[in-house]
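Below: the structure, in C-alpha coordinates.
The values are calculated or read from the model by the stated rules, or taken from the named source; none is laboratory data. These numbers were taken from a predicted model, which means no experiment stands behind them. As a convention, Cβ positions derive from the backbone with ideal geometry for all residues, glycine included, and neighbour counts pool all protein chains shown.
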Amino acid sequence: MRIGFGYDSHRLAVGRRLVLGGKEIPHEKGLLGHSDADVLIHAVCDAVLGAVGGGDIGRQFPDTDPAYRGISSLILLERVRELAVAKGFQVCNVDSTIVLERPKLAPHLPAMVENIARVLQISPAQIGVKAKTNEGMGLVGAGEGAAAFAVVLVEGEGLS
(Lines give C-alpha, C1' and ligand atoms only; values in the text may rest on other atoms or scores of the structure.)
Protein backbone atom coordinates (compact mmCIF):
# COMPACT_ATOMS: atom_id res chain seq x y z
CA MET A 1 0.00 0.00 0.00
CA ARG A 2 1.14 3.53 -0.75
CA ILE A 3 -0.22 6.97 0.10
CA GLY A 4 -0.24 10.09 -2.08
CA PHE A 5 -1.07 13.70 -1.28
CA GLY A 6 -2.29 16.35 -3.72
CA TYR A 7 -3.01 20.06 -3.63
CA ASP A 8 -4.21 22.58 -6.21
CA SER A 9 -5.46 26.15 -6.30
CA HIS A 10 -6.83 28.47 -8.98
CA ARG A 11 -8.06 32.04 -9.12
CA LEU A 12 -11.73 32.82 -9.69
CA ALA A 13 -12.54 34.87 -12.80
CA VAL A 14 -15.63 36.28 -14.50
CA GLY A 15 -16.47 34.55 -17.77
CA ARG A 16 -15.35 31.08 -16.68
CA ARG A 17 -17.43 28.06 -15.65
CA LEU A 18 -17.11 26.81 -12.08
CA VAL A 19 -16.37 23.10 -12.33
CA LEU A 20 -15.60 21.10 -9.18
CA GLY A 21 -15.43 17.35 -9.02
CA GLY A 22 -16.52 17.22 -12.65
CA LYS A 23 -19.77 19.04 -11.82
CA GLU A 24 -20.62 22.45 -13.21
CA ILE A 25 -21.90 24.67 -10.41
CA PRO A 26 -23.91 27.83 -11.09
CA HIS A 27 -21.87 30.86 -9.99
CA GLU A 28 -20.95 34.29 -11.35
CA LYS A 29 -17.26 33.29 -11.49
CA GLY A 30 -15.34 30.20 -12.48
CA LEU A 31 -11.83 28.93 -11.98
CA LEU A 32 -9.12 30.24 -14.26
CA GLY A 33 -6.77 27.73 -15.84
CA HIS A 34 -5.59 25.99 -19.01
CA SER A 35 -8.04 23.07 -18.59
CA ASP A 36 -11.42 23.41 -16.88
CA ALA A 37 -9.33 24.30 -13.76
CA ASP A 38 -11.16 21.80 -11.54
CA VAL A 39 -9.07 22.13 -8.37
CA LEU A 40 -10.62 19.08 -6.74
CA ILE A 41 -9.86 16.72 -9.62
CA HIS A 42 -6.38 18.23 -10.03
CA ALA A 43 -5.63 17.56 -6.35
CA VAL A 44 -6.87 13.96 -6.70
CA CYS A 45 -4.74 13.51 -9.85
CA ASP A 46 -1.64 14.76 -8.03
CA ALA A 47 -2.36 12.50 -5.07
CA VAL A 48 -2.66 9.41 -7.28
CA LEU A 49 0.42 10.39 -9.28
CA GLY A 50 2.38 10.91 -6.08
CA ALA A 51 1.35 7.53 -4.71
CA VAL A 52 2.43 5.65 -7.84
CA GLY A 53 5.61 7.61 -8.59
CA GLY A 54 4.09 9.30 -11.62
CA GLY A 55 5.31 12.86 -11.07
CA ASP A 56 2.63 15.53 -11.01
CA ILE A 57 -0.22 16.79 -13.15
CA GLY A 58 1.93 19.56 -14.68
CA ARG A 59 4.46 17.04 -15.97
CA GLN A 60 1.82 14.64 -17.24
CA PHE A 61 -0.43 17.29 -18.84
CA PRO A 62 1.60 20.50 -19.36
CA ASP A 63 -0.28 23.77 -19.73
CA THR A 64 1.96 24.55 -22.71
CA ASP A 65 0.28 21.74 -24.69
CA PRO A 66 -2.77 22.97 -26.62
CA ALA A 67 -4.25 19.45 -26.44
CA TYR A 68 -5.21 20.16 -22.83
CA ARG A 69 -6.80 23.59 -23.37
CA GLY A 70 -10.30 23.47 -21.90
CA ILE A 71 -10.15 19.70 -21.36
CA SER A 72 -12.38 18.14 -18.73
CA SER A 73 -10.28 17.25 -15.72
CA LEU A 74 -12.25 14.01 -15.48
CA ILE A 75 -10.46 12.95 -18.69
CA LEU A 76 -7.15 13.76 -17.02
CA LEU A 77 -8.18 11.69 -13.98
CA GLU A 78 -9.07 8.79 -16.25
CA ARG A 79 -5.60 8.97 -17.81
CA VAL A 80 -4.03 9.10 -14.35
CA ARG A 81 -6.00 6.00 -13.33
CA GLU A 82 -4.78 4.22 -16.48
CA LEU A 83 -1.19 5.19 -15.64
CA ALA A 84 -1.62 3.86 -12.09
CA VAL A 85 -3.01 0.57 -13.41
CA ALA A 86 -0.15 0.30 -15.93
CA LYS A 87 2.26 0.71 -12.99
CA GLY A 88 0.51 -2.10 -11.11
CA PHE A 89 -1.67 -0.08 -8.72
CA GLN A 90 -5.37 0.35 -7.95
CA VAL A 91 -6.84 3.30 -6.04
CA CYS A 92 -8.46 2.08 -2.80
CA ASN A 93 -9.59 5.30 -1.17
CA VAL A 94 -9.75 9.06 -1.78
CA ASP A 95 -10.31 11.69 0.89
CA SER A 96 -10.46 15.33 -0.20
CA THR A 97 -11.40 18.83 0.87
CA ILE A 98 -12.38 21.81 -1.27
CA VAL A 99 -11.81 25.26 0.23
CA LEU A 100 -14.08 27.91 -1.31
CA GLU A 101 -15.90 30.79 0.31
CA ARG A 102 -18.98 30.62 -1.90
CA PRO A 103 -21.17 29.24 -3.35
CA LYS A 104 -22.18 26.62 -0.82
CA LEU A 105 -21.16 23.21 -2.15
CA ALA A 106 -23.09 20.78 0.08
CA PRO A 107 -25.85 20.12 -2.49
CA HIS A 108 -23.23 19.27 -5.14
CA LEU A 109 -20.98 16.93 -3.13
CA PRO A 110 -22.84 13.68 -3.94
CA ALA A 111 -22.44 14.29 -7.70
CA MET A 112 -18.73 14.99 -7.21
CA VAL A 113 -18.33 11.72 -5.31
CA GLU A 114 -20.18 9.82 -8.06
CA ASN A 115 -18.01 11.37 -10.79
CA ILE A 116 -14.74 10.52 -9.04
CA ALA A 117 -15.89 6.98 -8.20
CA ARG A 118 -17.01 6.36 -11.79
CA VAL A 119 -13.71 7.50 -13.30
CA LEU A 120 -11.55 5.67 -10.75
CA GLN A 121 -13.77 2.57 -11.09
CA ILE A 122 -14.32 2.24 -7.35
CA SER A 123 -17.34 2.51 -5.07
CA PRO A 124 -18.64 5.92 -3.98
CA ALA A 125 -18.20 4.59 -0.42
CA GLN A 126 -14.43 4.77 -1.06
CA ILE A 127 -14.56 8.51 -1.84
CA GLY A 128 -14.69 11.39 0.63
CA VAL A 129 -15.33 14.95 -0.56
CA LYS A 130 -15.75 17.72 1.98
CA ALA A 131 -16.23 21.46 1.55
CA LYS A 132 -14.92 24.19 3.83
CA THR A 133 -14.73 27.95 3.78
CA ASN A 134 -11.63 29.86 4.79
CA GLU A 135 -13.67 31.95 7.28
CA GLY A 136 -12.94 35.12 5.29
CA MET A 137 -9.16 34.77 5.70
CA GLY A 138 -6.62 35.10 2.89
CA LEU A 139 -7.21 35.11 -0.87
CA VAL A 140 -9.61 32.16 -0.77
CA GLY A 141 -11.53 33.78 2.08
CA ALA A 142 -11.74 37.02 0.10
CA GLY A 143 -13.46 35.11 -2.71
CA GLU A 144 -10.52 35.41 -5.10
CA GLY A 145 -9.86 31.70 -5.55
CA ALA A 146 -10.35 28.11 -4.50
CA ALA A 147 -8.07 25.35 -3.28
CA ALA A 148 -8.35 21.62 -2.77
CA PHE A 149 -6.44 18.94 -0.90
CA ALA A 150 -6.57 15.19 -1.48
CA VAL A 151 -5.01 12.08 -0.06
CA VAL A 152 -5.27 8.66 -1.68
CA LEU A 153 -4.41 5.11 -0.76
CA VAL A 154 -3.34 2.76 -3.54
CA GLU A 155 -2.45 -0.90 -3.41
CA GLY A 156 -0.61 -3.14 -5.77
CA GLU A 157 2.69 -4.75 -6.62
CA GLY A 158 4.06 -1.62 -8.25
CA LEU A 159 5.55 -2.74 -11.54
CA SER A 160 8.89 -1.10 -12.35
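For the range 73-89, the criterion of a residue being surrounded by fewer than 22 Cβ atoms within 10 Å (Cβ to Cβ) and polar (S, T, N, Q) is satisfied by no position.
The C-beta contact set for the range 134-152 (first residue touching a residue at least 40 places away in the same chain (Cβ under 8 Å) and surrounded by 13 or more Cβ atoms within 10 Å (Cβ to Cβ), second residue of a type in the set (D, E, K, R) and not in a strand (DSSP E or B), distance under 7 angstrom, 6+ apart or interchain) comprises V140/E101; G141/E101; G141/E135; G143/E101; G143/R102. If the condition is being in contact (Cβ under 8 Å) with a residue 40 or more places away in the chain and among the basic types (K, R), then the range 71-120 contributes R81, K87, R102.
Just checking: which of the strands (runs of 3 or more DSSP E) contained wholly in the range 1-55 hold 2 or more residues that are of a type in the set (S, T, Y)? So the answer is 2-14.
Set side by side, the residues V19, V44, V14, V48 differ, and just one is in contact (Cβ under 8 Å) with a residue 24 or more places away in the chain and either out of contact with any strand residue (DSSP E or B) (no Cβ under 6 Å at 6 or more places or on another chain) or farther than 29 Å from F89 by Cβ (or both), which is V19. Just to check your reading of the model, which residue among G88, G70 is at pLDDT below 95 and either more than 21 Å from M1 (Cβ to Cβ) or of a type in the set (G, A, S) (or both)? After ruling out the rest, the residue left standing is G70.
What number of residues within the range 14-34 are modelled with pLDDT of 95 or more, surrounded by 15 or more Cβ atoms within 10 Å (Cβ to Cβ) and closer than 12 Å to G145 by Cα? Total satisfying the criteria: 4.
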